[in-house]
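A quick write-up on the structure given underneath.
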Amino acid sequence: MNFSMFSDSMLMWVIAIIIFGFIGWSTYKTVKLIMANRKALELFQSQHPHAEVLDGSKKSMLLTFAFGIVCIVFLCITGTVMKVDMSQIFYYRVAYLALALIFFGQGVEMSVRKKLWFAEDGFFYMEKFYRFRMITSYERQKGTVPTVKIQIGQDGIVLPNNMAVVVKEHAEAWKTAKKASKKKGKR
């Protein structure tokens, strides 16, 4: 096969289009997730006006935004302060820009994925309300980041360990209050 019809500049643009096409698709999915979550959250908050929020997104967002800013700095200094082969500078800049956009997108997505709202009998997470009475188990997941899979009926959600601990504490407090109210009713 003869690939001589592809020039270096054509190949560079094909690679850039593929990378930014993926980033566009990823951005679309993130925006769709945020909009669906916002709509479901408004409904939940109208039904549970006294819900308490657990926001674990701030540190994660700051960290991913910091990585994005570092990528932008590398983008700006590549070719001047950071010496690279000038025939490869396009690839470096596309890579740094793509990484920065991915980090910024992940940071925005953390605002949804790292928040829980607790009501009296359950919690809201990622477009759904889960009742404490439906929780069947908590299972630690293997991996570098400590996570816990909470089995809720047929569904299972994976949360960071610190968020799962708070869910378990709220669920146990709900069960204790329910048992106390049953005992009080029997008297």
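The values are calculated or read from the model by the stated rules, or taken from the named source; none is laboratory data. These numbers come from a predicted model, not from an experiment. Cβ: placed from backbone, ideal geometry, glycine included. Neighbour counts: every protein chain shown. Each accessible area value is taken on the protein alone, full model and side chains, heavy atoms only, with ligands, DNA and RNA left out. Shrake-Rupley method; radii C 1.70, N 1.55, O 1.52, S 1.80 Å.
At-a-glance table
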quantity	calculated
Shape of the stretch 134-187, Cα gyration tensor, a/c cut at 1.5	prolate
Candidates Phe104, Phe90, Phe44, ranked by Gaussian network fluctuation over the chain, Cα under 10 Å, top entry	Phe90
Spread of Cα-to-Cα distances over 5 Å intervals beginning at zero, given as percent, for the stretch 83-146	3, 13, 11, 14, 14, 11, 9, 7, 6, 5, 4, 2, 0
Added length on full extension, which subtracts the Cα-Cα distance from 0.36 nm per residue, Val31 to Val73	12.5 nm
Charge dipole (the chain, unit charges on Cβ, about Cα centre) - positive-most of Phe67, Ala173, Val148	Ala173
The chain, relative contact order [Cα under 8 Å, separation at least 6], %	19
Total formal charge among the other residues, if their Cβ is under 15 angstrom from that of Glu42, Lys/Arg +1 and Asp/Glu -1	+3
Heavy-atom accessible area per residue - the stretch 74-162, 1.4 Å, Å²	57
The stretch 27-82: C-alpha gyration tensor shape, a/c 1.5 cut-off, then a/b vs b/c	oblate
Charge dipole of the stretch 65-145 about the Cα centre (unit charges at C-beta), most positive-ward option of Met86, Ser137, Phe123	Ser137
Mean Kyte hydropathy of 0.5 or more with a Cα span along the axis of at least 20 Å, helices from DSSP in the chain	8-47, 57-77, 89-113
Within the stretch 54-187: Cβ-based charge dipole about Cα centre, in debye rounded to nearest 20 (Lys, Arg +1; Asp, Glu -1)	1100
Cα→Cβ-extended label distance, 7 Å offset, between Gln151 and Met134, nm	1.6
Kirkwood Rh in Å, taken over all unlike Cα pairs in the stretch 1-144	18.6
